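Since the structure comes first, as structure tokens, the remarks are kept for the end.
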Amino acid sequence: MNPFSRLMGRVREQLVELGESLAGSQAERSLDDRIRRADDQLREWRASLAEFRAKHMAAKERHDATIAIVLQREAQTAVALQAGQDALATEVAAEIDRLEQARDDEAELMGHLDACIAQMTPLVEQGERQLRRLRHQLDVLRAAHAVQRAQEAVAGRGDGDAVRPQTALDSLARVRRQHEAASAPECAAVDTSSTGADTDPLDAKLQDAGVDRRARIDAILARIRASAEPAPTRPAGRATRKASS
């Protein structure tokens, strides 16, 4: 074989090796890109979960504080009723009604946030597992490339036909069989101004006429008045019979 033919054969071999090297680099870049996207998504899920937990904690603090104020106002209403100040008792009862509605709104918000936390927690855990798998696959692929280059270097220095080692493309084929991480379902936006279900038409008419609020205030006054009334005393027992002489 003339020198020119040997030179062209060597060039073709180098082109083949270069093609495999580029394919391996492309596989690593693909995995790097998937890892970046998975990491960004995981960061977003973690931030959402932390936000839901913070809002839940704040809502619980407001809920508990409102309950304490309601108890205080109820005691004040009882004192006003006992003093015969019905107008003042009615005004405080109206404030109790407002506080109880705020308490119920906070309880509804806490329930909504509990549902969001329950959805996001397993998604964050799944994202963490997916990110670990992708990083493991990248480590395996890079190790396969390193072994392949070492084996090819040894085979290139030896005599005779050497068994061609497993290429990086085989490792890439195994990597691509892994499933993508599941997408996070959208959790309903937290709206602290929401009041729950739609109002019944009849209830809406009662509210417009002020009857519904007046009924709640009267119920509060009746409840406090009943709790403030002293318990009926029991009749005295029969006198002890004198001992017989």
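Throughout, read-outs are computed from the coordinates displayed, never taken from laboratory work. This structure is a prediction, so every number in the text was calculated from the model and none was measured. Ideal geometry is used to build each Cβ from the backbone, glycine not excepted, and the neighbour counts take in all protein chains shown.
Here the Karplus relation 6.51 cos²θ - 1.76 cosθ + 1.60, evaluated at θ = phi - 60°, turns the backbone of segment 44-49 into coupling constants of 5, 5, 4, 5, 5, 5 Hz, with x for every Gly and Pro. As a calculated quantity, the FRET efficiency between ALA87 and ARG53 at R0 = 45 Å, using C-beta atoms, amounts to about 0.50. Per the Debye formula on identical point scatterers at the alpha carbon atoms of segment 45-86, with no solvent, log10 I(q)/I(0) at q = 0.27, 0.28 Å⁻¹ is -0.83, -0.85. Residue by residue, segment 25-38 carries 3J(HN,Hα) couplings of 5, 5, 5, 5, 5, 5, 5, 4, 5, 5, 5, 5, 5, 5 Hz when phi is fed to the Karplus relation 6.51 cos²θ - 1.76 cosθ + 1.60 (θ = phi - 60°); x denotes Gly or Pro.
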